[in-house]
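Q: First, the structure itself, so that you have it in front of you.
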Amino acid sequence: MRKSQPQLDDLFYGKKRGFSIGLAHHNFGAFYSTYTCILSFVLEALYIKFNGEINTFVIIVIFAIPTGICYIPAYKAVFSNDKYLKYFKLFEKEDEHWHKKWKRRTTAFILGAIASIIFGVFLCFTILDVKVRFPWM
């Protein structure tokens, strides 16, 4: 068991190919991409309002183009050529107060991403002048 512990640690916490890096990579992409939802939902609503139809291909393109334009530079800034390893070195050097500050920033980033989806849907319904009735209202 002790002999396999370093291999397990590398599998889960390895800085280049570990499970946690894969999860961070996925989560970064998912949450960063949601910030473009505001623009995508507004463009989608304008398309539907002026054309009066829902075309699946156009809707996919409306979501894909802003997401691609915004996500690709961010991805390259963080993950290309293992640039995130520099951030690991920085995180290892800093104290607990610094880590708490970055935990708060990360939480704000995630909550902002969720809020952008909700606000985007709200704007979409507002542009389309759709009245939404909630059961609790």
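Q: Can Glu44 be described as out of contact with any Asp or Glu (no Cβ under 9 Å at 6 or more places or on another chain), open to solvent by 90 Å² or more (accessible area, probe 1.4 Å) and more than 21 Å from Gly29 (Cα to Cα)?
A: Working: out of contact with any Asp or Glu (no Cβ under 9 Å at 6 or more places or on another chain): yes; open to solvent by 90 Å² or more (accessible area, probe 1.4 Å): no; more than 21 Å from Gly29 (Cα to Cα): yes.
No: the conditions fail for Glu44.
Q: Check the range 118-125 and report whether any residue there is open to solvent by 80 Å² or more (accessible area, probe 1.4 Å), more than 22 Å from Cys37 (Cβ to Cβ) and not small (Gly, Ala, Ser).
A: no
Q: May I pose another question? Condition (residue is β-branched (Val, Ile, Thr), open to solvent by less than 70 Å² (accessible area, probe 1.4 Å) and within 16 Å of Phe28 (Cβ to Cβ)) applied to the range 73-81: is it met by at least one residue?
A: Here is the first cut: in the range 73-81, the ones β-branched (Val, Ile, Thr) are 78.
This time we only want the ones that are open to solvent by less than 70 Å² (accessible area, probe 1.4 Å), so: 78.
When the remaining residues are screened for being within 16 Å of Phe28 (Cβ to Cβ), the result is 78.
Yes; the residues of the range 73-81 include at least one that is β-branched (Val, Ile, Thr), open to solvent by less than 70 Å² (accessible area, probe 1.4 Å) and within 16 Å of Phe28 (Cβ to Cβ).
Q: Now for a different question. Tell me, which residue of the range 47-68 that is open to solvent by 80 Å² or more (accessible area, probe 1.4 Å) and without any contact (Cβ under 8 Å) to a residue 24 or more places away in the chain is nearest to the chain's Cα centre (by Cα)?
A: Taking the range 47-68 and keeping what is open to solvent by 80 Å² or more (accessible area, probe 1.4 Å), we get 49-51, 53-54, 56-57, 60, 65.
With without any contact (Cβ under 8 Å) to a residue 24 or more places away in the chain added as a condition, the list becomes 50-51, 53-54, 56-57, 60, 65.
On the way: Phe50: 30, Asn51: 30, Glu53: 29, Ile54: 26, Thr56: 23, Phe57: 23, Ile60: 17, Ile65: 15 Å.
That would be Ile65.
The values are calculated or read from the model by the stated rules, or taken from the named source; none is laboratory data. Because the structure is predicted, anything quoted here is derived from the model rather than measured. In this analysis, Cβ positions are derived from the backbone assuming ideal geometry, glycine residues included, and neighbour counts consider all displayed protein chains. The protein model used for the area step is the full one, side chains on, heavy atoms only, and it has no ligands, DNA or RNA in it. Shrake-Rupley method; radii C 1.70, N 1.55, O 1.52, S 1.80 Å.
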